[in-house]
Amino acid sequence: MTEATTQNLYGGVLIKGKQIMDFILEAQTAPTLKQISDQVDMTKSTVLKILKTLEYCGFVRRNGEAKQYYLGTVFWVMPKS
């Protein structure tokens, strides 16, 4: 998405959430908070706040011991026929 496109949209945090989920999806292994914040160019505190919200919604899940993030199972639901 270009900078000009994102400036015309409302809800910048949604775009940041998508960037985070895209990174998690494309990562070779489940990333940590630091790895995510380094790659999406956001502060760790911003990424953590967004991740907590995404986790609450079921969009991501966290392995408590390793502190790695995965996409949530909400994306595995089959569409209704």
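The values are calculated or read from the model by the stated rules, or taken from the named source; none is laboratory data. What you see is a predicted model; the values in this text were computed from it and never measured. Cβ: placed from backbone, ideal geometry, glycine included. Neighbour counts: every protein chain shown. In case anyone asks, the SASA skips ligands and DNA or RNA and just uses the protein heavy atoms, side chains included. Shrake-Rupley method; radii C 1.70, N 1.55, O 1.52, S 1.80 Å.
Compute the length gained on full extension between residue 53 and residue 39: take 0.36 nm times their separation in residues and subtract their Cα-Cα distance, giving the result in nm to one decimal.
On the way: separation 14, 0.36 × 14 = 5.04 nm, distance 1.93 nm.
Stretched fully, the residue 53-residue 39 segment lengthens by 3.1 nm.
Top to bottom by accessible area (1.4 Å), largest first, where do 65, 26, 55 land? Before the final figure, lay out the partial values.
Numbers: 65 180, 26 140, 55 75 Å².
From most accessible down to least: 65, 26, 55.
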Computed over the chain, Kirkwood Rh from alpha-carbon pairs, angstrom: 13.4
To the nearest 500 deg cm²/dmol, what mean residue ellipticity at 222 nm is calculated for the chain from DSSP H runs of n ≥ 4 alone, each contributing -39,500 (n - 2.57), summed and divided by the residues? -15500 deg cm²/dmol
Sum up the lysine pairs in the range 25-81 that clear both bars: alpha-carbon distance under 23 Å and a spacing of 8 or more or different chains. 8
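Explain nothing, just the number: dipole magnitude of the chain about its Cα centre with +1 on each Lys and Arg Cβ and -1 on each Asp and Glu Cβ, in debye rounded to the nearest 20.
Details: 10 positive and 7 negative charges, 66 e Å.
Using only the charged Cβ atoms, the result is roughly 320 debye.
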With a 10 Å cut-off between alpha carbons and a GNM built on the chain, which of 28, 19, 68 moves the most? 28
